[in-house]
Amino acid sequence: MSIDTKFVKSASLVFIGLMSVASGVHAQEAKQNMAQREEPGDQKQIENETREKPLRDAEALMKDGKPAEAFALLEALEFDRAGEVRFDYLIGIAALDSGKPARATLAFERVLAVDPNFSGARVGMARAYYQLGDLSAAKTEFDTLMKQNPPAAIRVIIQDYLDAIVAHEEAKQTRFTAYVESGAGHDSNVNSSTNQAQFSVPYFNDAVIMLSPSGQKTADNYYTVAAGGEITRYLSANWGLYAGADARLYEYHLQKSYNTLNLDGHGGVMFSGNANIFHVGGMAGQYELSDARYRSYSGLSADWRHILSLENQLSVAMQAGRNRFVDAALALNDFNQVTLGSGWLHVMPDWKSALLSSLFLTRENEVAPVTLANPSGGRADGNRRTLGLRVGIQVALNEVTELFGNLGWQSGKYDKINAAFLRKRNDRQYDVTVGTNWHLDKSWTLRPQLSYTKNDSNIVIYGYDRMDVSLTIRRDFW
């Protein structure tokens, strides 16, 4: 029995050894065969990497603000690679941004000959014509792009160029734009209130207070109508005047006390030239609640937009104003406000999508004086500092449909201890919006939209969440 056992063990060890050797030989042969099979593919990959490297290097140079160096790099390859869409597009941008618009038109013509729907190349061609002084050809290209119903952020850039062309063609030119829209929706929290029916108040030894139903979260259906317009008068190729107004009404089905009407007006001086657009002016408006004047505001505003490149635009803005409540009982809430903001717009190479981001800082200063009725002066929570960030995207799926979405965050801190809650108020607000623009034609747009807002606060009565679902139809005039 022991002999048989030893024999079985020995035979097993020999078998395992032979299998290991065979497996090793087979693995080695397979590895060699695989290497032989992959060698052509690896070689092709190396060749692709070699061809792609100068294009990536050129892109890096342009991002670093060195378009002339990028053009010199690509120009050496133009004889061999002219006709490649990606190469021609890059050398066209490099030529345009380094002051060679004539060379840029040749490159963009090659791109459009292969792909007539390449919006980025068409924008480049329009800009090149503009720099060459061929405003008629530039306008034709920009008008073609506008007819493709690009996302709203991209339309702004194209319209800036069209406005500049109009200003050059006729020094004294008046332009008017307007819109009307109407919509309906459901708001889960028309009064932006907490959903808690009771809360404790530290000042009264944590006594529990019952909140009236009117002070709690309330939902309702609504309809809205809005209209607005702006007129621009060009005084010369660079200078102009502008004035505009907007009105928006919200009417609720049941909660009539929250019906609102916003009236806003603005006007000032504008300057455009060398890829820069400046606006400086004034603004004023009023906010009505339940068919009665509730609050008014007035102030000054200034903004600057700078086109960094074909795909990037930077903006900086400032507003300073005063907000006053009409009812004397609410005058303790009066405040002055200063807002500083910056924004960045990046257009994708196909000019069908755009990424947007903005950062802003706001300071609200209470201004109500000390009185017998208000011995501490100002509002209960004092001055407020707010820091906010917003990012968004717009994507044109086709000439009819555009998707959009954005995320927002802001932090608000107050500097006075709230007498009732014995703490300084801090808020954190988050919001998200998604929707679709369906361009029924050049002038009509149907927009379904969903928005959600959540405000977290260390004082319970200021915390809330809100969902708004709406459908709006809009008519633009220009």
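Quick note: the coordinates plus some simple rules give every number you see, no bench work behind them. It should be emphasised that the depicted structure is a prediction, and the values quoted were computed from it without experimental measurement. Note that we place each Cβ from the backbone using ideal geometry, even for glycine, and neighbour counts take in every protein chain shown.
For I209, the residues whose modelled amide H falls within less than 5 Å of its own, excluding neighbours fewer than 5 places apart on the same chain, are F199, S200, V201. Given the pairs K256/K416; K44/K100; K53/K352, which are separated by over 28 angstrom at their Cα positions? Violating the 28 Å limit, Cα to Cα: K256/K416; K44/K100. Tell me the label only: which of (1) 23.0, 74; (2) 21.0, 71; (3) 31.8, 115 is Rg and Dmax of the Cα atoms in Å as calculated from this structure? It is the one labelled (3). A full extension of the chain between L361 and D143 corresponds to an added length of 74.8 nm, given 0.36 nm per residue minus the alpha carbon distance. Charge dipole (Cα centre; +1 on Lys/Arg Cβ, -1 on Asp/Glu Cβ; no other charges) of region 118-168 amounts to roughly 140 debye. Region 244-280 and region 104-126 have their alpha-carbon centroids 37 Å apart. Spacing of the modelled spin labels on D42 and S214, each 7 Å from Cα toward Cβ, amounts to 8.1 nm. Look at the dipole of the chain built from charges on Cβ: of G463, V347, N238, the Cα furthest out on the positive end belongs to G463.
Between the alpha-carbon centres of region 131-149 and region 294-348 there is a gap of 32 Å.
Residues of region 432-454 falling in the label zone of D465, defined by backbone nitrogen less than 18 Å from a point 7 Å along Cα to beta-carbon, are 432-434, 450-454. Taking 0.36 nm per residue of separation and subtracting the current Cα-Cα distance, fully stretching the chain between A82 and S200 would add 35.0 nm. Dipole size of the chain about its Cα centre, with +1 on Lys/Arg Cβ and -1 on Asp/Glu Cβ: approximately 1200 debye, rounded to the nearest 20. Each Cα pair under 8 Å and six or more residues apart adds its separation to the average, and for region 212-341 the resulting relative contact order is 15 percent.
What is the angle, in °, between the Cα long axis of helix 2-63 and the longest principal axis of the Cα atoms in the chain? Nearest 10 is fine, range 0 to 90. Taking Cα atoms only, the helix is inclined about 60 degrees. One decimal place: the segment V269-K53 gains 73.1 nm when fully extended, by the rule 0.36 nm per residue minus the C-alpha distance.
Taking every DSSP helix (H) stretch of at least 4 residues in the chain, weighting each as -39,500 (n - 2.57) and dividing the sum by the residue count yields a mean residue ellipticity at 222 nm of -10500 deg cm²/dmol. Under 12 Å from a label point set 7 Å out along the Cα-to-Cβ vector of R293, the amide N atoms of region 315-351 belong to 324-328.
Highest average first, the peptides 214-226, 149-161 ordered by how many other beta carbon atoms sit within 10 Å of their residues are 149-161, 214-226. Calculation over all alpha carbon pairs of region 246-379 in 5 angstrom steps from 0 returns a P(r) of 2, 9, 13, 14, 15, 14, 12, 9, 6, 4, 1, 1, 0 percent. P(r) tail for region 86-190: Cα pairs beyond 16 Å make up 63% of the total.
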